[in-house]
Structure formats: structure tokens, C-alpha cells
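Accompanying notes for the structure given below.
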Amino acid sequence: QVQVVESGGSLVQTGGSLRLSCTVSGSIDSINVMAWFRQAPGKERMLVASITNSGRTTYGDSVKGRFTISRDTAKNTAYLQMNSLKPEDTAIYYCNAYLRPTGSYSFNDYWGQGTQVTVSS
């Protein structure tokens, strides 16, 4: 059974910083991409940042220059360093892992339960 678990969400003031962590556990052959998405109340889930197993990164326009995604491949963990936080960054942040479980021939998406980030003005 594959599990994706996020941590690090909290209440922070405008201009502050937070670091989110996402760890994937279970019987896994390979993790291709790890990514962070977020969903604000009444809005669709949107991509925040992603990182491939070769280290290539992609960022949503609204977080470029403020957020940094990184990955510890040996620990099956991805991080999201969030700086210069704004009230509009308030959302539930979800971790996604595109991976192949042990014994499977295909890659699939796995999601965590989410962690709440609230930025006060």
C-alpha cells in the first residue's frame, strides 16, 4: 500500500515563510514526478510546483521567485520552501506523486490528504 503524507502547514503572517514536506512510503519501484498542488475555497486545484526524478522543476506563475521545490530521492521526500507568503497563498496544499508501485507495470498518481496553509494579512 502506497501512502503520501504531507506536513508543515500552519498559520503565518504576510511576508513569512513555511516549509512543507511530503513523504511517500510503501512498496515502490520508482517515483517519476513529485508535485505540490493547492486548492483555495471555491477554486479549482492548481499546480504550484513539480520536480522530476532528474531534478527538473516547474512552477506556477503566481509562485515563481518565492517558492522552491526540492527533493530527497533517497528518502522519497519532496519539500516546498515558501517565502514572502501572501494572503492569496492561503489554501490546502496537496502532494502528488506519479509513481510505479512494486509489481505494477504502470505509473499512477497518488495524492496525500493535504495540509492547510493560512496567511494572515
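Some points to look at:
- In segment 40-82, the residues that are among the polar types (S, T, N, Q) and under 23 Å from Phe107 (Cβ atoms): Ser50, Thr52, Asn53, Ser54, Thr57, Thr58, Ser70, Thr73, Asn76, Thr77
- Selection within segment 1-31: residues that are among the β-branched types (Val, Ile, Thr) and open to solvent by 30 Å² or more (accessible area, probe 1.4 Å). The member of this set that is nearest to Val63 (Cα to Cα) is Thr14.
- Count of residues meeting criterion [of a type outside the set (S, T, N, Q), open to solvent by less than 60 Å² (accessible area, probe 1.4 Å) and within 14 Å of the chain's Cα centre (by Cα)] in segment 95-111: 2
- Residue in segment 82-90 that is of a type in the set (Asp, Glu) and either open to solvent by less than 30 Å² (accessible area, probe 1.4 Å) or closer than 12 Å to Leu20 by Cβ (or both) present: yes
- Enumeration of residues in segment 59-74 that are in contact with a strand residue (DSSP E or B) (Cβ under 7 Å, 6 or more places away or on another chain) and either surrounded by fewer than 13 Cβ atoms within 10 Å (Cβ to Cβ) or over 25 Å from Gly15 (Cβ atoms) (or both): Arg71
The values are calculated or read from the model by the stated rules, or taken from the named source; none is laboratory data. This one's a predicted model, so the numbers in the text were calculated from it and none came from an experiment. Methodologically, a virtual Cβ is constructed for each residue, glycine included, from the backbone with ideal geometry; neighbour enumeration extends over all protein chains shown. What goes into the accessible areas is simple: the full protein's heavy atoms, side chains included, and nothing from ligands, DNA or RNA. Shrake-Rupley method; radii C 1.70, N 1.55, O 1.52, S 1.80 Å.
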